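Asker: Quick one: structure below, then a few questions.
The values are calculated or read from the model by the stated rules, or taken from the named source; none is laboratory data. Note that the structure is predicted; figures quoted are calculated from it, not measured. Glycine gets a Cβ as well: all are built from the backbone with ideal geometry, and neighbour counts include every protein chain shown.
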Amino acid sequence: MDGTHDDSEEAMKNWGQSIILGIWTAGLFAAPAALAAPAAASAKLVPHRAVYDVNLVSAKSGSGVSSVRGEMLAEWLESCEGWALDHRTLFDITYVQGGSVRLTSSVTTWESRDGLRYHFEITNAANGKVTEKYEGRGELADKQGGGQVDYVIPEREPLKLEPGTVFPMVHTVRVLAATRNAPAIRSMIVFDGMSKEGTFRVSAVIGKPSASAKTAMDGLKTHRSWPLQLAYFSVDGREPEPEHEVGMRIYDNGVSDLMLLDFGEFKVKADLQRLEYGEQPACGG
């Protein structure tokens, strides 16, 4: 496999780390009232299972990619203690000069309702061979005080999280609160554990709301929606351009029906094909 193929594979390895915050934002757009700001507390997240078809939109000349086809599954489960996400992807990439590769990703996360504890387990593979694996637990002292991540895989020194760092759920809550004044822009440092660094500065651009849904999918037609663009920057701020971007349309019940991922060399889209709603727990208090 030539260098072009290696570059394309490296870009697709970033799928998990870029799409995961997009799914957190879409899936937790209506966050639990215990976390949500008063302006957003009326919204209600619905546990759900969503299946998306993935296809190539465009590729730059010289990227080496001729087609991308695959499937993505995201399932949100709610308990009285927090939220769990099971996210799996499969992509078949074909190259202009021949040859192909199958990339798979498995992501399991859990975040406490107060946003202070976060568990993650991520496995990426190419043609069945594991290429990356991350597993660990993060904890914040409080919502502004920074914290620490302890890794199980790979073995490494604990990662210090600077003050103001948030986990994906709190990031989503703040994006949700910002929709009240949309269009709006919010920038936060987010730890998700999806890469070696694990942390990005995420810029969220929220567009004007649409009162009526532009979808034929049952369960979404009566819901309000917003366009959302997420850009992922290195935390050190040395690169002026984002490493990757995710665009989507999100609904007020916590579902996204369209995602567009820009990796620079090529773009792929994920279209919602199947949607099933789950049940919410009966929590006291």
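Asker: Return only the number of the condition from (1) touching a residue at least 12 places away in the same chain (Cβ under 8 Å); (2) more than 14 Å from the chain's Cα centre (by Cα); (3) not in a strand (DSSP E or B) that residue 157 does not satisfy.
Answerer: Every condition holds for residue 157 apart from (1).
Asker: Here's a follow-up. Got at least one residue in segment 214-222 being in a strand (DSSP E or B), of a type in the set (Ser, Thr, Tyr) and over 29 Å from residue 61 (Cβ atoms)? Spell out the reasoning first.
Answerer: To start, the set of residues in segment 214-222 that are in a strand (DSSP E or B) comprises none.
No - not one qualifying residue is present in segment 214-222.
Asker: Specify which of the listed residues (234, 203, 195, 187) is over 27 Å from residue 91 (Cβ atoms) and of a type in the set (Ser, Thr, Tyr).
Answerer: Every option except 187 fails the conditions.
Asker: Another question about this same structure. Would you please name the residue that is surrounded by the fewest Cβ atoms within 10 Å (Cβ to Cβ), looking only at residues in segment 228-270 that are over 15 Å from the mean Cα position of the chain (by Cα) and part of a strand (DSSP E or B)?
Answerer: 267
Asker: I'm told residue 108 meets every condition in (1) at pLDDT 90 or above; (2) more than 16 Å from the chain's Cα centre (by Cα); (3) within 26 Å of residue 251 (Cα to Cα); (4) not basic (Lys, Arg) except one. Can you identify the failing condition by its number?
Answerer: Of (1) at pLDDT 90 or above; (2) more than 16 Å from the chain's Cα centre (by Cα); (3) within 26 Å of residue 251 (Cα to Cα); (4) not basic (Lys, Arg), only one is false for residue 108: (2).
Asker: Kindly provide the set of residues from segment 151-181 that are at pLDDT below 85 and either within 17 Å of residue 230 (Cβ to Cβ) or among the aliphatic types (A, V, I, L, M) (or both), ordered by number.
Answerer: Within segment 151-181, 168, 169, 170, 171, 172, 173, 174, 175, 176, 177, 178, 179 meet the criteria.
Asker: A further question on this structure: Only one residue in 73, 90 is surrounded by fewer than 18 Cβ atoms within 10 Å (Cβ to Cβ), touching a strand residue (DSSP E or B) at 6+ places or on another chain (Cβ under 8 Å) and touching a residue at least 24 places away in the same chain (Cβ under 8 Å), so which one is that?
Answerer: 73
Asker: I need the full set of residues from segment 229-243 which are out of contact with any Gly (no Cβ under 7 Å at 6 or more places or on another chain) and in contact (Cβ under 8 Å) with a residue 60 or more places away in the chain, in order please.
Answerer: 232, 243
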